[in-house]
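Worksheet: one structure, shown below.
The values are calculated or read from the model by the stated rules, or taken from the named source; none is laboratory data. Computed from a predicted structure; not experimentally measured. Note: areas computed on protein heavy atoms with side chains; ligands, DNA, RNA excluded. Shrake-Rupley method; radii C 1.70, N 1.55, O 1.52, S 1.80 Å.
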Amino acid sequence: TGETTALTNVIALVAERLSLATPVAQYKWINHKPITDAPREKQVLADVVARASSQGVDPDFARLFFGDQIEASKIVQERLFAQWHASGAPTQAAPDLSADIRPHLDRLDATLIQALARVTPVRHADDCQSQLAESLANWRQLTKFDSSESDALMRALNHVCESGGVPAQG
Ligand SMILES: O=C(O)C(=O)C[C@]1(C(=O)O)C=C[C@@H](O)C=C1
């Protein structure tokens, strides 16, 4: 259905955003930066809230959704830091955070707002969570998503449905 297509589009973009947590973590590890950058988080949230209002997306939803994206990114980054502490640092060079990765995140966030506008009807539907689970199952079949990042992905999808996140077994 059109609704599951809209949901699958959000899932794919969320996974793409999450995949950028790896180069972000590499950059921070190599440059001895902390994972959390509170001013940057504020800026990301202010940008998406402003954009949401002009695109017909509920600004409160946008704030919740992108808060989840930031938390999900930190789940991945913290796991990588723990791995690197335990068994050695990555060897490949990271792209530059402010020149490369953040502009990429900004473009993805703009695309995500458009995708959120399209899920607004299904977000309020009684069966939103089961549709989300179905879309996720379909999407997983089409991709080779690293299942070790499942917890981060579930965190990222936590407020897509007004009624809650992906049901267990999703
Ligand atoms: O830009 C960064 O430094 C990131 O780690 C990405 C991100 C985000 O998801 O937008 C996540 C955590 C940081 O606190 C700030 C922003």
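Worth pointing out:
- Nearest-ten-degree value, helix 21-30 long axis tilted from longest Cα axis of the chain: 20 degrees
- Gaussian network model of the chain, springs between alpha carbon atoms under 10 Å - residue of 46, 62, 38 with greatest fluctuation: 38
- What separates the Cα centres of region 146-162 and region 95-145 is a distance of 10 Å.
- Whole-number D in µm² s⁻¹ for region 2-156, Kirkwood Cα-pair radius fed into Stokes-Einstein, 37 °C, 0.692 mPa s: 201 µm²/s
- Candidates 15, 110, 152, ranked by Gaussian network fluctuation over the chain, Cα under 10 Å, top entry: 110
- Take every pair of alpha-carbon atoms less than 8 Å apart whose residues are at least six positions apart; their mean separation over the length of region 2-156 yields a relative contact order of 45 percent.
- The angle separating the long axis of helix 102-123 from the principal Cα axis of greatest extent in the chain is about 20 degrees.
- Pairs with C-alpha atoms separated by more than 24 Å, drawn from the list 42/144; 33/144; 33/74, are 42/144; 33/144.
- Whole-percent pair-distance distribution, where bins are 5 Å wide, for the alpha carbons of region 102-170: 3, 15, 22, 24, 22, 11, 2, 0
- Accessible area per residue, Å², the chain with all protein chains present, probe 1.4 Å: 50 Å²
- Carbon plus sulfur fraction of accessible area for region 2-156, probe 1.4 Å, in percent: 52 percent
- Cα-based helix-to-principal-axis angle, 2-19 vs the chain, degrees rounded to 10: 10 degrees
- Fluctuation leader among 116, 105, 157 - the chain, Gaussian network, Cα springs under 10 angstrom: 105
- The chain, helix-only ellipticity at 222 nm - DSSP H runs n ≥ 4, -39,500 (n - 2.57), divided by all residues, nearest 500: -23000 deg cm²/dmol
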